[in-house]
Amino acid sequence: MLFSSTIFLFYFLPLVLALYYTVGRIGIRLRNGLLLAASLIFYAWGEPKNVLLLLASCLANYLFGLAVAGRRKGFLILAVGFNLGLLFAFKYLNFAVETVNALAGAEILPQTNIALPLGISFFTFQAISYVIDVYRGDTPVRKNLSDLALYICLFPQLVAGPIVRYNEIQQQLSTRRESLEAVCAGMCRFVGGLGKKLLLANSMGVIADTVFGQTKLWHTQYLVPSTLAWVGAAAYMLQIYLDFSAYSDMAIGLGGMFGFSFPENFNYPYMADSVNEFWRRWHMSLTRWFREYLYFPLGGSRTRNADGMVRNLLIVWLCTGIWHGANWTFVFWGLWNFLFVVLERVAGIDQWPRAIWRHGYTLLAVLIGWVLFRSDDLYCFFEYMANLFCLNGNGVFSAEAFMLLRENWLWLAASVLACVSPEDRRRKLPGALYPAAMLALLGVCVLYLVRGGYNPFIYFNF
């Protein structure tokens, strides 16, 4: 069930809110039980059979939490192995079988066709963080299974984050106070994310899909001029940020409606002056997860020599790439980011005196990385790169590129503004102007949904 769908906006969310605040006076246990039931229904809406997988993950990690509370390392290894094994079986087994068969030049392993459960990367990482934190003594073990299940399954951030650590909402599971002010603020945050998704991200997605689709025709059938390739790459660069940050905005807003406070997931990453800074601003909950549960345990930067730090960064970025998907493009995308992160730390290539050069270099490195991220395979990536830099005999100027810019200039301008204009400034509009603006935006979004059209969530695939 998409947040940006009529079934969620007009039926599911109003009903859950009404029930939640109707039973709210009875007690926190009933409210938590209602939210857990609603979360399971939310997840089961599109994939009923995968609810069993989600519940199995909750039960297993509840038991693992009890087992590792005495700092028993063997159970910790078993818990991490179970969770990663679950992730491998459902997300990477198809890819592993195809890769082995391709390398062997024969079908030595039987083909698999396992569907990817929504959000498995997110709720698995949350479960792992809980078990590790209990083992470390950073958080107390939860002896109430339903509360731990709510932490893992809570529908606002179940399928696409942010990845929340248990100790961040531990107290909120037991004692939280909802208020009219918090509910209104959550609704405004949700509507802002909804508008960002439907009006901006979707508009950029249409442009990006058009250009990347033309690239798949290959240069033997259709030549994509350089300007058109740049327009498509820039549109995707905007789309992926607007799409994912919009989901995070909606998740944080929904959490606020029910009295939860989730961590921020983005901090205007396209304003960064280095790739390292970009990753401190982009998908911050995932960056933090890899830092806390992989990079630091490997030794982080506190190694005897630079080689150890580079090795640790290589492992982290390989895992970051693989986490995003079962495709060689994601592996090389992780290596692409690793290259710049290391060059900045070791060689200081981000230390140019003029900020405009640092910023320009960062945006170019990130944009090429997004082209790799978006490409179906490595051949498509190299084809697209050749089009960008006029290496296919494809020419520079494109009437279609200028047509796309002319027809979408308003959405492009608004998309760029959304990437650089702090949300806090918009929330400080005088009086009732901000809520009124959000109400008007909701009306526009409803009209968009009624009309129907392009409406995917990119990170649902991860």
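The values are calculated or read from the model by the stated rules, or taken from the named source; none is laboratory data. From a predicted model like this one, the values you see are computed outputs, not experimental measurements. Here the Cβ positions follow ideal geometry from the backbone for every residue, glycine too, while neighbour counts run over all protein chains shown. We work out accessible area using only protein heavy atoms, side chains counted, and drop any ligands, DNA or RNA first. Shrake-Rupley method; radii C 1.70, N 1.55, O 1.52, S 1.80 Å.
General observations
- List Glu277, Glu181, ordered by accessible area with a 1.4 Å probe, largest first: Glu181, Glu277
- Counted charge near Ala182, where neighbours are those whose Cβ lies closer than 12 Å (Asp, Glu -1; Lys, Arg +1): +1
- Of all lysines in the structure, the ones whose alpha carbon falls short of 22 Å from that of Lys49, not counting any fewer than 8 places away in one chain, are Lys91.
- List Glu107, Glu47, ordered by accessible area with a 1.4 Å probe, largest first: Glu107, Glu47
- Relative contact order for segment 98-228, counting Cα pairs under 8 Å that sit 6 or more residues apart, in percent: 19
- Carbon/sulfur fraction of accessible area - the chain, other protein chains in place, 1.4 Å, %: 67
- Computed [θ] at 222 nm, helices only, for the chain once each DSSP H run of length n ≥ 4 contributes -39500 (n - 2.57): -20500 deg cm²/dmol
- Reachable aspartates and glutamates from Lys143, criterion Cα separation under 20 angstrom, eight or more residues apart if same chain: Asp133, Glu168
- Using heavy atoms of the protein chains and a probe of 1.4 Å, the accessible area assigned to Ile26 is about 130 Å².
- Rounded to the nearest 10 Å², the accessible area of Asp376 at probe 1.4 Å: 70
- Among the trypsin sites (Lys or Arg not before Pro) in segment 206-309, those located in a DSSP loop and surrounded by at most 12 other Cβ atoms within 10 Å of their own Cβ are Arg302, Arg304.
- For the chain, the per residue solvent-accessible surface stands at 45 Å², with DNA, RNA and ligands left out and a 1.4 Å probe.
- Rounded to the nearest Hz, the phi-derived 3J(HN,Hα) couplings of segment 353-368 under the Karplus curve 6.51 cos²θ - 1.76 cosθ + 1.60 (θ = phi - 60°) are x, 8, 4, 5, 6, 4, 5, x, 4, 5, 4, 5, 4, 5, 4, 5, where x marks glycine and proline.
- Alpha-carbon centroids, segment 146-219 and segment 301-338: separation in whole Å: 26
- Most to least packed among 381-388, 119-126 [average Cβ atoms within 10 Å]: 119-126, 381-388
- The listed residues Met257, Met309, Met284, Met271 rank as Met271, Met284, Met309, Met257 when sorted by accessible area, largest first, using a 1.4 Å probe.
- Extension gain from Ala413 to Arg280, taking 0.36 nm per residue of separation minus the Cα-Cα distance: 45.4 nm
- Heavy atoms of Val310 accessible to a 1.4 Å probe, total area in Å² rounded to 10: 40
- In order along segment 55-69, phi translates into HN-Hα couplings of 5, 4, 5, 4, 5, 4, 6, 4, 5, 4, x, 4, 6, 8, 4 Hz, rounded to whole numbers, per the Karplus curve 6.51 cos²θ - 1.76 cosθ + 1.60 with θ = phi - 60° and x for Gly and Pro.
- Using C-alpha pairs below 8 Å separated by at least 6 residues, the relative contact order for the chain is 19 percent.
- Computed from phi, the 3J(HN,Hα) profile of segment 28-43 under the Karplus parametrisation 6.51, -1.76, 1.60 (θ = phi - 60°) reads 5, 5, 5, 5, 5, x, 5, 5, 5, 4, 5, 5, 5, 5, 4, 6 Hz, with x in place of Gly and Pro.
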